[in-house]
Structures are given as structure tokens and as C-alpha cells.
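*Asks:* One structure follows; several queries about it will come next.
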Amino acid sequence: MKGADAAEMRQTPLESFPPVERWDDWVENDPAAWPKRKERRLMIVPTTCFNCEAACGLMAFVDKQSLEIVRLDGNPHHPGSRGKNCAKGPATLSQVYDPGRILYPLKRVGPRGSGRFERTTWDEVLDTFARRIRKALQEGRHNEVMYHVGRPGEDGFVTRVLQAWGIDGHNSHTNVCSSGARLGYAIWSGVDRPSPDHENAKFVLLLSAHLETGHYFNPHAQRIIEGKRRGAKVCVVDVRHSNTASKADFWFAPRPGTEAFLLLALASQLLENGWVNREFLKTWVNWREYLLAKRPDAPPGDFDAFLEDLRDRYSSYTPEAAAEECDVSAQMIRDTARAIAEAGDAVAAHVWRNAAAGNLGGWQVARCLQFLLTLAGAVGTEGGTNLNADNKFVPKPFLSPPPQRHWNELLYPLEYPLAFHELSYLLPHFLMDGRGKVDVYFTRVYNPVWTNPDGMMWE
Ligand code: SF4
């Protein structure tokens with residue numbers, strides 16, 4: 001890059017970004033011409049990485065003459081990723097120009113599984129699908145049209161389209177992964193996921209470290225590191241010794257399926273030792289109603305009686321009992337509970353898949369985690385665990401179609417009235433059993449054969 005441009009770069013020991021005023025005309029030396037100094041003129045276009053749901057910000061450096069992207073870099077103005085990306089972000093370039101990428105829509109011309117396809121046009125694809133969808137709707141076969149999504153990333157736009165068609169045709173993979181945790185959170189707060197303030201936390205508690213090593217990897221991970229630099233302690237509950245676990249102050253690898261017990265043992269320690277946040281509980285918990293229902297003998301409005309009852313109720317969840325049940329160290333439970341207490345209301349925690357998804361009743365893990373956070377008063381605080389809806393703005397569309405009048409039992413079978421999301425993993429079984437038919441099925445960022453536990457059923 002030229003000397004003047006280099007001087008204008010925003011620079012820190014580990015990062016350097018062109019100033020926004022120069023994004024339309026950025027001049028730098030072409031590295032391919034090295035050791036000669038050959039200038040090239042670029043424009044910088046902000047974009048988004050879609051290699052995972054974190055959707056970090058990227059800057060595409062585009063050659064002004066050829067209009068080719070020459071590289072991708074982090075966008076320092078993106079509020080989530082703040083210019084930092086994992087390796088997959090800049091590697092998006094190899095997807096854009098991969099010589100083996102699919103360049104045109106393809107149509108299967110041989111038997112299913114034969115791998116024989118021929119090139120077709122977008123017009124043919126759209127006309128074919130539109131014709132079939134239209135025919136299905138005209139013939140009242142609304143439940144035969146289905147959209148199956150992995151990573152939505154479009155804030156409900158497709159849901160509106162499906163509603164406009166009047167079909168109950170939205171399928172997701174959520175019941176394969178996050179539905180359990182979402183249910184636990186929603187029961188507590190009406191919001192199906194937390195937004196932990198890792199950056200300002202004094203204690204970070206991560207169940208299913210998968211989340212911080214995979215899902216919202218980068219935006220969360222960089223804030224966990226920042227919190228840690230400021231002195232936060234990190235606790236990971238995961239049978240795997242993940243990257244996050246390797247950096248943690250406490251690592252529990254409990255017997256799978258016992259995570260809820262472990263959390264209740266931590267909660268019990270807070271209650272036993274009087275480490276609960278009295279003010280928070282008094283203000284935000286329905287303890288008066290609890291007393292009336294559970295301890296009608298206690299004087300109404302006696303907050304200490306409420307705490308006493310709660311303590312007795314969870315007194316069997318001792319560190320020793322947890323050690324026996326979960327196969328973890330009783331002393332580490334005591335130490336962890338003390339560290340949580342010392343963090344006050346700055347405890348940031350998260351559970352998503354893993355323990356909440358892989359076990360019967362896994363939704364209780366999220367509930368027990370919220371219970372622990374509530375005792376600590378670490379809800380909606382700086383450094384605590386916010387409700388996702390509190391700090392996320394999703395603009396509502398000005399027009400929404402009316403709700404559809406159809407109920408698709410292939411997605412929400414009536415024998416599962418409490419299903420929190422579409423029971424997508426049952427779909428191929430239902431089709432095999434003749435419970436319904438799918439005439440038009442289209443997926444987006446989702447491959448059920450690859451993703452679903454019994455994926456081969458989908459073939
Ligand atoms: S974490 Fe990595 S893969 Fe995911 S959006 Fe960010 S840069 Fe892309």
C-alpha cells in the first residue's frame with residue numbers, strides 16, 4: 001500500500017483497517033507484482049460472512065477494473081465481530097472463486113442417486129417450481145409444499161412468503177439441536193435464548209462449549225477472551241476438552257445427562273451459604289405467590305421463609321451427591337459456587353445444544369441454569385446474562401400476511417402437542433408410513449441427509 005494510505009490506516013498492534021472515507025478508492029501495491037511496486041485501485045464493499053450463523057462483518061476488496069474480489073478482511077465497524085474473524089471468514093474468497101463451484105442450476109436427468117445432471121436455466125427452475133406450487137395450492141394440497149431451512153439469516157422474510165401462500169410449510173432443523181435449550185429459556189422468560197455479556201462478566205459459565213467453539217464462535221469467543229483478560233473466571237461444563245475448556249479455570253466433564261443436577265448443586269451452595277442476591281429475588285421473583293402455594297403456614301410476605309423453603313427444597317443437591325451422580329469433584333463444585341458468588345451479578349452463562357439437546361428432558365438444563373443465574377441476580381445486568389430480546393433490534397415489516405389456515409401434521413403432528421419446533425426428524429418416517437406427501441420441497445443452507453441423525457432415511 002502507498003505510504004499515505006498506510007499512515008491513514010487504523011492501526012493497533014494486531015489490526016489495521018482502511019479508513020471509511022477511502023473505501024471508494026483504496027490504493028495499494030499488488031502483492032503478486034512484488035518486488036516491483038505496482039499500484040492497484042480497489043473499492044471496499046462491506047458484506048457478511050455466511051459460513052456460520054454468527055454472520056460476522058467482512059470487507060470485500062474489489063478490483064475497480066476487473067470487479068473481482070481480491071481479498072476479504074474483517075470489517076471493524078461490524079458491531080458483532082468488530083473486525084475480527086475466524087479463518088473461515090477471509091476464506092470465503094475460495095468459495096466465491098472455487099473452480100469446482102456450481103455455476104448454473106442443474107436438473108437431474110438420471111435416476112435418483114445416479115448423479116446425472118444437466119445444465120438448466122433459472123427461468124426453467126423458477127417456472128417449474130412456481131407451476132407446481134401453484135397447482136398444489138389450486139388443488140388444495142397446501143401441505144405438500146415445504147421449505148426446509150438450516151440457517152435462516154433473513155429475519156423471518158421467508159416465513160412471510162409462506163404465509164402469503166397460505167401454507168404451513170416452514171420446516172427447520174431446530175428440534176435436532178437447540179429446541180431443548182430454547183424451551184427452557186422461554187419458560188423462564190418468554191425469550192428463547194440468552195445474550196450473555198461475556199465481555200464485562202466476572203464469571204463465565206459455559207455449558208456445551210460447542211457454542212463458543214463453533215456456533216457463535218467468533219463474536220462470543222473474542223468477548224470471553226476480553227472478559228478473561230479483565231480477570232473473569234471461566235467455567236466449562238462439557239465432556240469434551242474443547243478449546244474453551246482448555247482455557248477455563250474450571251472444567252467439569254459430568255456424566256452426560258446429569259448437567260441439570262450439577263447446576264442445582266451449584267444453586268444449592270448459593271442457598272446454603274446465603275450467597276443469593278436478596279434484592280434481585282425480592283424484586284423480580286414471584287416469591288409471595290410461591291409462599292402462598294408452598295408454605296401457607298408461613299407468615300405472608302416473609303421473604304426469609306421463602307429463602308428457607310427454597311434452601312430446604314434443594315438441600316439434597318449437595319456437592320457429595322453431585323459428585324456421586326455426575327462423577328465430578330465435590331470440592332470443585334464448592335470452589336465454583338464460591339467463584340460465582342464472588343462474581344455477584346456479573347455471571348454470563350449460556351447453554352444451547354449438547355447437554356440440552358442430547359438428553360431426554362434436556363430442556364431442564366436451561367431451566368436450572370436460569371435458576372442459578374436468578375439466585376445470583378445475574379439477569380439483565382452488566383456482565384450478566386441478558387434476554388436476547390433486550391439488546392437485539394429486529395425491525396418488524398410494515399405488512400404481514402394473515403396467519404395460514406392450514407395445519408401441517410407432517411411438521412407438527414397432533415400426538416406431540418407440546419412440540420416446540422417442527423419435528424423435522426420424523427418427516428421421512430411419516431412419509432414412509434404414508435401419513436402425507438410432499439410434492440414441492442426446497443431447502444436452504446440445509447442438507448438433511450448430512451445433518452439429521454438418521455440422515456440416510458432422507459435418501
Ligand atoms: S465466526 Fe467465522 S465462519 Fe462464523 S461468521 Fe464469523 S468469520 Fe464467518
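The values are calculated or read from the model by the stated rules, or taken from the named source; none is laboratory data. Bear in mind that the values here come from a model prediction, so they are computed numbers and not experimental data. With ideal geometry, Cβ positions are generated from the backbone for all residues, glycine too; neighbour counts draw on all protein chains shown. Calculation scope for accessible area: heavy atoms of the full protein, side chains included, ligands and nucleic acids excluded. Shrake-Rupley method; radii C 1.70, N 1.55, O 1.52, S 1.80 Å.
Yes or no, residue by residue, for (1) of a type in the set (Phe, Trp, Tyr); (2) farther than 27 Å from Asn359 by Cβ:
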{"residue": "Gly227", "(1), (2)": "no, yes"}
{"residue": "Arg230", "(1), (2)": "no, yes"}
{"residue": "Pro254", "(1), (2)": "no, no"}
{"residue": "Trp287", "(1), (2)": "yes, yes"}
{"residue": "Asp297", "(1), (2)": "no, yes"}
{"residue": "Ser315", "(1), (2)": "no, no"}
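*Asks:* Another question, then. It is to be established whether one or more residues within the range 301-317 are open to solvent by 80 Å² or more (accessible area, probe 1.4 Å), in contact (Cβ under 8 Å) with a residue 12 or more places away in the chain and not basic (Lys, Arg).
*Replies:* Scanning the range 301-317, I find no residue that is open to solvent by 80 Å² or more (accessible area, probe 1.4 Å), in contact (Cβ under 8 Å) with a residue 12 or more places away in the chain and not basic (Lys, Arg), so the answer is no.
*Asks:* A follow-up question, please. If you go through the range 133-144, how many residues are over 34 Å from the mean Cα position of the chain (by Cα), in a helix (DSSP H, G or I) and not hydrophobic (A, V, I, L, M, F, W, C)?
*Replies:* Number of matching residues: 3.
*Asks:* So, one more: Just for helices (runs of 4 or more DSSP H) wholly inside the range 238-328: which have at least 1 residues that are modelled with pLDDT of 95 or more?
*Replies:* Correct list: 259-272, 278-284, 287-294, 303-313, 319-326.
*Asks:* Here's another thing I want to ask about it. So which of Ser179, Ser189, Ser195 ends up being closer than 22 Å to Ile224 by Cβ and touching a helix residue (DSSP H, G or I) at 6+ places or on another chain (Cβ under 9 Å)?
*Replies:* After applying the criteria, what remains is Ser195.
*Asks:* Regarding the range 42-63, can at least one residue be identified that is more than 30 Å from Glu226 (Cα to Cα), more than 8 Å from the ligand (Cβ to nearest atom) and either hydroxyl-bearing (Ser, Thr, Tyr) or in a loop (DSSP other than H, G, I, E, B) (or both)?
*Replies:* no
*Asks:* Further question: For the range 376-385, state whether one or more residues are in contact with a Lys or Arg (Cβ under 8 Å, 6 or more places away or on another chain) and surrounded by fewer than 18 Cβ atoms within 10 Å (Cβ to Cβ).
*Replies:* No, the range 376-385 contains no residue that is in contact with a Lys or Arg (Cβ under 8 Å, 6 or more places away or on another chain) and surrounded by fewer than 18 Cβ atoms within 10 Å (Cβ to Cβ).
*Asks:* Still on this model: So the check is Cβ under 8 Å with 6+ separation or different chains; which pairs have a first residue in the range 37-51 that's open to solvent by 50 Å² or more (accessible area, probe 1.4 Å) and a second one that's of a type in the set (Asp, Glu) and more than 16 Å from the ligand (Cβ to nearest atom)?
*Replies:* Lys38/Asp30; Glu39/Glu28; Glu39/Asp30; Arg41/Asp25; Arg41/Asp63; Met43/Asp24; Met43/Asp25
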